[in-house]
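I have a structure I would like to understand better, so I am pasting it below and will then ask my questions one at a time.
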Amino acid sequence: MKASKLLGQNFLVDDRVVKDLVATAQIKKSDTILEVGAGTGTVTKRLAQTAGKVTAVEFDQNLIPTLNENLNGFKNIEIINADVLDLDFNEYPVTKIVGSIPYQITSPLIHKILHSQIRPKSITFIVQKEVAEKIAAKPPAATYLSNFVANFGEAHLIKVIKPGAFSPPPKVDSAIIQIELYPQPKIEDTRELEKFLHHGFAQPRKMLHHRFEAGILAGSKILPQARPAHLSKEDWRNLYRELSMMRERSKTRRGDGTWRS
């Protein structure tokens, strides 16, 4: 099949990487899998050999006949021709989500999954290496994305993948990233958390006293000279809770004065 540049298609052709991806996901017969970006079915087939059921999502309708042909004989695979970003994940209660995904949808897809009420136990993706590093980053190089994901689980960069594992080869290195999710997020209001972290990382090079009032930082035991990337996930949670309490105390006033614009 000819890959579509418009759809960001790079077909995974290295069987060793396929094995590594599936091994990282630790698939069991009790697992129901949602695969993102089924492509020609290379990963799908490997997943179906171990999982109880695989729901394979593929956006490109031109690939559906190839998928049906390559996966003929597997009774535990359901193929869905759809944009994964349009799916309601609450209607697909799966235990694990796996895929070699189009790189341009990495952040919106992870946000969509994590904002869903019903979440999987783990997410195992092949993504652009640079994005994988941002997801798994730790202080003093933490990012908005690493702190957002850390509210839901533990992220690990498993393996770097060279361009030759794909056809056509991408211009950048890729990586297997795995996020093992907690039973419940640490902060339940995930939409409010997202806005809060965006605010905190809006000026990543500036000290935090440019983004938050001194009383909020003092109550959270965070130095005003600290920069966003230096804070641990626990620091951000403390800051969020302190801010929430301050806003609750001052909600009867017009404008709470807790965030700097």
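The values are calculated or read from the model by the stated rules, or taken from the named source; none is laboratory data. Computed from a predicted structure; not experimentally measured. In this analysis, Cβ positions are derived from the backbone assuming ideal geometry, glycine residues included, and neighbour counts consider all displayed protein chains.
Given the conditions (1) in a loop (DSSP other than H, G, I, E, B); (2) crowded, with 17+ Cβ neighbours inside 10 Å, and given that Tyr240 satisfies all but one, which numbered condition is not satisfied?
For Tyr240, the exception is condition (1).
Could you check, for the stretch 183-192, whether at least one of its residues is buried (at least 20 other Cβ atoms within 10 Å of the Cβ), in contact with a helix residue (DSSP H, G or I) (Cβ under 9 Å, 6 or more places away or on another chain) and either at pLDDT 95 or above or not assigned by TED's automatic domain parsing to the domain that holds Pro108 (or both)?
Pass one, the stretch 183-192, residues buried (at least 20 other Cβ atoms within 10 Å of the Cβ): none.
No.
So Ile222 clears everything in (1) among the β-branched types (Val, Ile, Thr); (2) surrounded by 13 or more Cβ atoms within 10 Å (Cβ to Cβ); (3) in the same structural domain as Ile135 (by TED's automatic domain parsing) except one condition, right? Which one?
Here Ile222 clears every test but (3).
Of everything in the stretch 79-118, what is closer than 21 Å to Ser30 by Cα, in a loop (DSSP other than H, G, I, E, B) and either under 15 Å from the mean Cα position of the chain (by Cα) or β-branched (Val, Ile, Thr) (or both)? Give them in sequence order.
Val94, Thr95, Ile118
I would also like to ask the following. Condition first: more than 19 Å from the chain's Cα centre (by Cα), crowded, with 21+ Cβ neighbours inside 10 Å, outside any strand (DSSP E or B) and at pLDDT below 95. Now tell me which residues in the stretch 11-39 satisfy that.
Passing the criteria: only Gly39.
Can you tell me which residues in the stretch 119-162 are among the hydrophobic types (A, V, I, L, M, F, W, C), assigned to a loop (DSSP other than H, G, I, E, B) and more than 23 Å from Lys28 (Cβ to Cβ)?
Residues of the stretch 119-162 among the hydrophobic types (A, V, I, L, M, F, W, C): 123, 125-127, 131-132, 135-137, 141-142, 145, 148-150, 152, 155, 157-158, 160-161.
With the extra rule that they be assigned to a loop (DSSP other than H, G, I, E, B), the set shrinks to 136-137, 141-142, 152.
Matches in the stretch 119-162: Ala136, Ala137, Ala141, Ala142.
Same structure, new question: Scan the stretch 121-139 and report the pairs whose first residue is modelled with pLDDT under 95 and whose second residue is acidic (Asp, Glu), with Cβ atoms within less than 8 Å and a gap of 6+ or a chain change.
none
Separate question: Given the conditions (1) of a type outside the set (S, T, N, Q); (2) modelled with pLDDT of 95 or more; (3) in a loop (DSSP other than H, G, I, E, B), and given that Ala56 satisfies all but one, which numbered condition is not satisfied?
(3)
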